[in-house]
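Asks: Here it is: the structure, laid out below.
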Amino acid sequence: MFDQMEIEAQQYQLKPMNCPFHVLTYQNRLHSYRELPLRWAELGTVYRYERSGVLHGLMRVRGFTQDDAYVFCLPEQVSDEILAVLNLTEKILSDFGFAEYEVNLSTRPPKSVGADAVWDLATNAPIQALDRKGWDYVTDEGGGAFYGPKIDIKIRDAIGRLWQCSTIQVDFNLPERFDMEYVAADGSRQQPIMIHRAIFGSLERFFDILVENYAGDFPLWLAPVQLRLLPVSDGQRDYANGVAQTLKQQSYRVEVDASGDRLGKQIRIAELEKIPVVAVVGKREVEQQTLSVRTRQDGDRGALGLTELQVLMEEAIADRRRV
């Protein structure tokens, strides 16, 4: 039974972080050194008490989704695994448009657990990984957790603000406390090293940062609605619906303006909603089986056939860019 507590006249139960459950999964059976590293991930809900006065949108919430992942590895694999996480972090963050980072390495605090030799291993591994990656970093002496050092990555948004997102944490404490073991090459029982990593941190917070970074003007691959079709009149609605259905079957996010407003108002609303691609459908477009296409970045693209429009969108999606 988890401990209960009362906050603001409501009953709450304390919930452990996600990592102990992954440890218990590891302990379902005995592992060999040949199996390591083991890499497991989950999207897990975690909770944090925030006072009512500081709750703010998606940035400060009491319950959020964390992209937790854990690597169970041999001591000699720690540096390689951290480097792999750094590479993955760079790939994902750059896909979302974040290319500038501030990297911090937090080292052993005054109050800590574990032998000096283990701390030396746990600290040298992230240093080696960062040096191999070629990233500059700032060392926060004594800023690590009591059970291990960590790397924090702050992303810089379009107006220069820094946001803490990604974390890589070396942990030798949980393997010791939970008596985790693997069978080493010499047949002895040894304890693995555990690496915690989160690339987004809080998914809700990350997407709040993402919306602000782009000011809602997303690149095509991220836009909730990628294409909006604007029928000039009801006479073109069947053709517009047919085009939309064809594109939806190919996983494009498309909608047809069903408001019945005049074309000028439809265009203004699409611009206010920052729809990346709009296509006007009038009598001529129906007759010629084309679409009159306009994009937010490049303006009027003229009359395009459906295949031409698909090529335009596919290239922008592949390049992770605006159109």
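Asks: Looking at (1) in a strand (DSSP E or B); (2) at pLDDT below 95, which is the only condition residue 323 fails?
Replies: All conditions pass for residue 323, except number (1).
Asks: Pull up the range 37-68, narrow it to residues that are in contact with a Phe, Trp or Tyr (Cβ under 6 Å, 6 or more places away or on another chain) and either surrounded by 15 or more Cβ atoms within 10 Å (Cβ to Cβ) or not assigned by TED's automatic domain parsing to the domain that holds residue 180 (or both), then point me to the one that is farthest from residue 205 (Cα to Cα).
Replies: Among them, the one singled out is 38.
Asks: Take the residues in the range 109-121 that are assigned to a loop (DSSP other than H, G, I, E, B) and hydrophobic (A, V, I, L, M, F, W, C), then tell me which one is surrounded by the most Cβ atoms within 10 Å (Cβ to Cβ).
Replies: Filtering first and then ranking leaves 113.
Asks: Considering only the range 122-144, how many residues are under 25 Å from residue 191 (Cα atoms) and crowded, with 17+ Cβ neighbours inside 10 Å?
Replies: 8
Asks: Would you pick out the residues in the range 282-308 that are touching a strand residue (DSSP E or B) at 6+ places or on another chain (Cβ under 7 Å), without any contact (Cβ under 8 Å) to a residue 40 or more places away in the chain, surrounded by 14 or more Cβ atoms within 10 Å (Cβ to Cβ) and over 17 Å from residue 224 (Cα atoms)?
Replies: 290, 292, 293, 294, 301, 303, 304
Asks: Then there is this: Of all residues in the range 69-108, how many are of a type outside the set (Gly, Ala, Ser) and either outside the structural domain of residue 184 (by TED's automatic domain parsing) or outside any helix (DSSP H, G or I) (or both)?
Replies: 15
Asks: Could you figure out which of (1) more than 20 Å from the chain's Cα centre (by Cα); (2) within 26 Å of residue 251 (Cβ to Cβ) isn't true of residue 232?
Replies: Among (1) more than 20 Å from the chain's Cα centre (by Cα); (2) within 26 Å of residue 251 (Cβ to Cβ), the lone unmet condition for residue 232 is (2).
Asks: Is there a residue being of a type outside the set (Asp, Glu) and either assigned to a helix (DSSP H, G or I) or touching a Pro at 6+ places or on another chain (Cβ under 8 Å) (or both) anywhere in the range 132-139?
Replies: Yes: the range 132-139 contains one or more residues that are of a type outside the set (Asp, Glu) and either assigned to a helix (DSSP H, G or I) or touching a Pro at 6+ places or on another chain (Cβ under 8 Å) (or both).
Asks: Here are some conditions: (1) without any contact (Cβ under 8 Å) to a residue 40 or more places away in the chain; (2) more than 30 Å from the chain's Cα centre (by Cα); (3) not in a loop (DSSP other than H, G, I, E, B). Residue 279 meets all but one. Which one does it not meet?
Replies: Going through the list (1) without any contact (Cβ under 8 Å) to a residue 40 or more places away in the chain; (2) more than 30 Å from the chain's Cα centre (by Cα); (3) not in a loop (DSSP other than H, G, I, E, B), residue 279 breaks only (1).
The values are calculated or read from the model by the stated rules, or taken from the named source; none is laboratory data. Source: prediction; values computed, not measured. Every residue, glycine as well, gets a Cβ built from its backbone with ideal geometry; the counts of neighbours run over all protein chains shown.
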